[in-house]
Amino acid sequence: MNFTIREIRTSDYVELISLFKEFAIFEKLPEKMTNSIDKMIAEQQYFKGFIAFNDFDQIVGYVTFFYAYYTWIGKSLYMDDLYVKEKFRGQGIGSKLINEIIKYAKTTNCHKVRWQVSEWNKPAIDFYKNLGASIDSVESNCDLLL
């Protein structure tokens, strides 16, 4: 089966919300997924990413990002989520999506790409290490919900 990568469009939001919920369940945090289509539309200038879709125009994976500025290095790209539906894993879709982000970061003059990985997700950790990413245990997440 062929897969195509393209930028996320507003018309993808309905299908993406479903995938966001699926990803939250995969991460064992379904209660944390509070996003909505209305919120995505209202905040679309902040929502950037790419989708992978198959020959049937079904979204099978996505990657989202935003720009960040790190005082020690400068302009960077933060990859918020990278997710591929379970039945489509192992087909190179995750690699295509993350490589699209890396290419995008380079063409927009970013100095690094940063993301998180759950410490229990060994397949993802191995995947990222194979890309050459360094994974540290120095920092912890701090969230303040507003």
(request) Would you tally the residues in segment 32-51 being touching a helix residue (DSSP H, G or I) at 6+ places or on another chain (Cβ under 9 Å), surrounded by 12 or more Cβ atoms within 10 Å (Cβ to Cβ) and part of a helix (DSSP H, G or I)? (result) 3
(message) Checking N99 against (1) surrounded by 10 or more Cβ atoms within 10 Å (Cβ to Cβ); (2) among the polar types (S, T, N, Q); (3) in contact (Cβ under 8 Å) with a residue 24 or more places away in the chain, only one condition comes out false. Which one?
(response) (3)
(request) Could you please give the count of residues in segment 43-61 that are among the hydrophobic types (A, V, I, L, M, F, W, C), more than 14 Å from the chain's Cα centre (by Cα) and under 23 Å from L77 (Cβ atoms)? (result) 1
(request) Of the numbered conditions (1) surrounded by 10 or more Cβ atoms within 10 Å (Cβ to Cβ); (2) modelled with pLDDT under 95; (3) farther than 24 Å from I17 by Cα, A124 fails exactly one; give the number of that condition. (result) (3)
(request) Select from segment 52-61 the residues that are out of contact with any helix residue (DSSP H, G or I) (no Cβ under 6 Å at 6 or more places or on another chain) and assigned to a strand (DSSP E or B) and write down the one among them that is surrounded by the most Cβ atoms within 10 Å (Cβ to Cβ). (result) F53
(request) Within segment 1-31, work out how many residues are closer than 17 Å to L82 by Cβ, outside any loop (DSSP other than H, G, I, E, B) and among the charged types (D, E, K, R). (result) 6
(message) Being under 17 Å from the mean Cα position of the chain (by Cα) and either more than 25 Å from N121 (Cα to Cα) or assigned to a helix (DSSP H, G or I) (or both) is the filter here; which residues of segment 69-91 pass it?
(response) E86, F88
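The values are calculated or read from the model by the stated rules, or taken from the named source; none is laboratory data. Remember, predicted model here, so these are calculated numbers, not experimental data. Note that we place each Cβ from the backbone using ideal geometry, even for glycine, and neighbour counts take in every protein chain shown.
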